[in-house]
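For reference, the structure discussed in these notes is given below.
The values are calculated or read from the model by the stated rules, or taken from the named source; none is laboratory data. Computed from a predicted model, the values in this text were never measured in an experiment. Cβ placement follows ideal geometry from the backbone for every residue including glycine, while neighbour counts extend to all protein chains displayed.
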Amino acid sequence: MNVKKFFLIISTVILILLSSAASRNKQRSSYDIVVAGGGTGGISAAIQAARMGASVLVVEPSTWIGGQATAAGVSTMDDMSRQKSGIYEEFINRIKRYYDSRGKSMGTCYWDSRMSIAFEPHIGQEAFISMINEARRKGTLEFLMNSEITSVKKNNNAVSSVTVKTPSGNRNYDCKILIDATEYGDILPLTKTPYRAGNSVSKFINPEAMIQDITWVAVIKKYNGGVPSYLKPEIPLPGYDLARRNYETAVSADGYNFKNTYPVLTPVNFMTHNAYRGLPDSSNPYSYDADKENRQFITKTCLNWHNDYPGAYGWTNGKRGLPVAYLEDRKLRLQVEREALIKTLHFIYYIQNELGEDWSVADDEYSNKILPEAARDLPPEWQEIVRRMPVIPYVRESRRIIGAHTLTSHELLRNSLSYRDGHTSREFPDAIAIGGYILDLHGANTDADTEWELEEMIRHQEINRPRGPFQVPMNILIPEETDGLIAAEKNISATRLAAGALRLQPITMMTGQAAGALAAVSVREGKQPRNVHPMLVQWELLKSGVSLSLCKYSDIPPEHFVNKSVQISNMYGMIAPNEYPHAPSYNIQDLDNPVLEMAIIRGADKGLFGVNDIITGDEAVDILMKARKALNIKDGAKITVDKPEKLISRSDFLRAVCDAFPVLSEIKPPKNVKFQFKLGKNRNSECAEILAKLGVLSIYGREDDFHYGYPVTKGEACDVIVRACIAALGA
């Protein structure tokens, strides 16, 4: 099947998907969850919530889903975490299966095939659609495309309904939870939720405060028979001379090769440029990657290099970046995005006419019948180019809620040092995602642009650079004031520097998944998000394949039965392991760090939990007390065990668990629960039956008979206690 035919099939699938959803929406006026924005965070939130049985409506202003990763064309993943999990891992694995079946590498970007991940935007969109269709089998998941939420109603400070502007008119939808996953944080002012924009705070937003540049990316490819005439405009757009001088400093015919060192020596040659954001090419029967010997064969890449807007041009008075007015003023937003689009169109003209390369926009990625508003008065020959470009710009910085907590770059650094350089746990108890990136600001990177009141200055961009993967806490998804609202995408509560590390596609997909889990748990439990205990959300995420703890153990691989419970234990400090990991900190940008690689070879990146060690009565009581503290249980029956200094039996241990969580005896167990083992008779068999019916004793499901007299291992204790916590929280 040729690429154009394949793309037509994909486009047809998208149209069927969206038109069927729009048809159903005419009859439905209420959803559990409305997600504003179908970008990386919004789609992940919607899929997770639907998988948990919620009814979900996604409202997306553009004609594409996938946000920065697909709709904006930034389909080279900025992933420095050295680990993948959850929906992000599922997404990448689906794309990998596609390219593996065609013998193609995804390691086509960043001048290195080992850790880079790249894909064509339309292949990424297909992966999202397949995940959406599967999620629909478990819950309701519908879409309104080319639509936007224009107003929000609240009842007693809680979001209760939204008004959506659609191509066929306005519609109203009731909802229990609204998730702001827009690219700009556009829901926040509609809900009168306090927020930050740049380093200013509502209600006193300074329109002249600065935020990061945007980029209107283009996906270009090589045309071996010469560029088709309709993709090679003859006349440059106004302002080209200034743009040409900018691009001459970035890419030239006799520029430098990449020397495997940073910062990159510029101008680079065109081959080196292409290997920076190189993509696989489904229209090319041959494969290639970004390694030095193969860069010359790359035939598809992204223009996302020195075309940031305003970039080197600056804004006014020598300021770098964009004014906050870009977020607040729709007219200025349109003007800025038009200029950003034109800047990239200048780049295409420069490649064709100054470098003499037979490259232009790829004709097998985008096919936009509806032009972006920013392009509507361009000359017709340039509109033909834009119809094959991403439908939205790459927006790096949006409004950010003032949340229950504001995450700082210092906290990210401290958290990233967990189990490194002799430190032990600095984990966030309410962690809901793991990411890994530098504190990356494109413009607006002076002391005048930082939040001094949060003790951040621009020197902290390097001082507080994470030294390994870091966690994202749940409390930064929840507004300090507004109920029924959750932040996702780039709208979460963080300083500008911290947000610079949280804005990338892998992290926004994982925080988006967490937002969806939080929303679904909130609906299920009938509680506002701020009143949902993080452990309930963490458990759902762990069941969905998300990794949450920074601590790994050699005796508990990912597939181990108690892995999920041990991660909870790590975050809440319930059980001390026999030995903590003691890996070194490292430059998160360095793929060739020899100290880190040697530490991994020695196993220093993993500790030893002691999963099969037998515990005493005193140790069991200590774990249970820490578990009660994690659940904020201050009062309760005293936990006592016979012979506390001796090894504790299962019988006595289960009695201690029931004493620690008396609420468990009051919970109505699920119907038709069948034990996978026989409980038998014992003085504590009644307690064992209560726990078994609640699923707390799942670890023993492989046994034929339950042996009350057996000693309890550390792994058993961890799993039973964590499951008891989950059951108690759901009471």
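Would you confirm whether any residue within region 356-372 is surrounded by fewer than 20 Cβ atoms within 10 Å (Cβ to Cβ), in a helix (DSSP H, G or I) and in the same structural domain as G311 (by TED's automatic domain parsing)?
No: region 356-372 contains no residue that is surrounded by fewer than 20 Cβ atoms within 10 Å (Cβ to Cβ), in a helix (DSSP H, G or I) and in the same structural domain as G311 (by TED's automatic domain parsing).
Just need a number here: residues in region 269-306 that are of a type in the set (K, R) and over 24 Å from P393 (Cα atoms).
2
Please go through region 85-112 and pick out each residue that is under 20 Å from D592 (Cα atoms) and either in contact with a Phe, Trp or Tyr (Cβ under 9 Å, 6 or more places away or on another chain) or surrounded by fewer than 19 Cβ atoms within 10 Å (Cβ to Cβ) (or both).
M106, T108, C109, Y110, W111, D112
Here's a check for you: in region 90-108, which residue that is assigned to a helix (DSSP H, G or I) and either among the small types (G, A, S) or free of Cβ contacts under 8 Å to residues at least 60 places away in the same chain (or both) is nearest to Y288 (Cα to Cα)?
Per the criteria, the residue is D100.
Would you confirm whether any residue within region 326-346 is in contact (Cβ under 8 Å) with a residue 12 or more places away in the chain, buried (at least 21 other Cβ atoms within 10 Å of the Cβ), of a type in the set (D, E) and assigned to a helix (DSSP H, G or I)?
Yes: region 326-346 contains one or more residues that are in contact (Cβ under 8 Å) with a residue 12 or more places away in the chain, buried (at least 21 other Cβ atoms within 10 Å of the Cβ), of a type in the set (D, E) and assigned to a helix (DSSP H, G or I).
Suppose we filter region 215-238 for residues that are within 37 Å of the chain's Cα centre (by Cα) and either over 16 Å from I385 (Cα atoms) or not in a loop (DSSP other than H, G, I, E, B) (or both); how many remain?
The total comes to 7.
Would you pick out the residues in region 214-266 that are surrounded by 13 or more Cβ atoms within 10 Å (Cβ to Cβ) and acidic (D, E)?
E248 - this is the single residue of region 214-266 that is surrounded by 13 or more Cβ atoms within 10 Å (Cβ to Cβ) and acidic (D, E).
Do the conditions hold for G443, that is, is it at pLDDT below 95, assigned to a loop (DSSP other than H, G, I, E, B) and more than 23 Å from E540 (Cα to Cα)?
Considered against the rule, which asks whether it is at pLDDT below 95, assigned to a loop (DSSP other than H, G, I, E, B) and more than 23 Å from E540 (Cα to Cα), G443 comes out as no.
Could we say that G680 is among the small types (G, A, S) and closer than 24 Å to N570 by Cα here?
So G680 fails the test.
Take region 363-385 and flag every residue that is of a type in the set (D, E, K, R), under 28 Å from N284 (Cβ atoms) and at pLDDT below 95.
Within region 363-385, just K369 meets the criteria.
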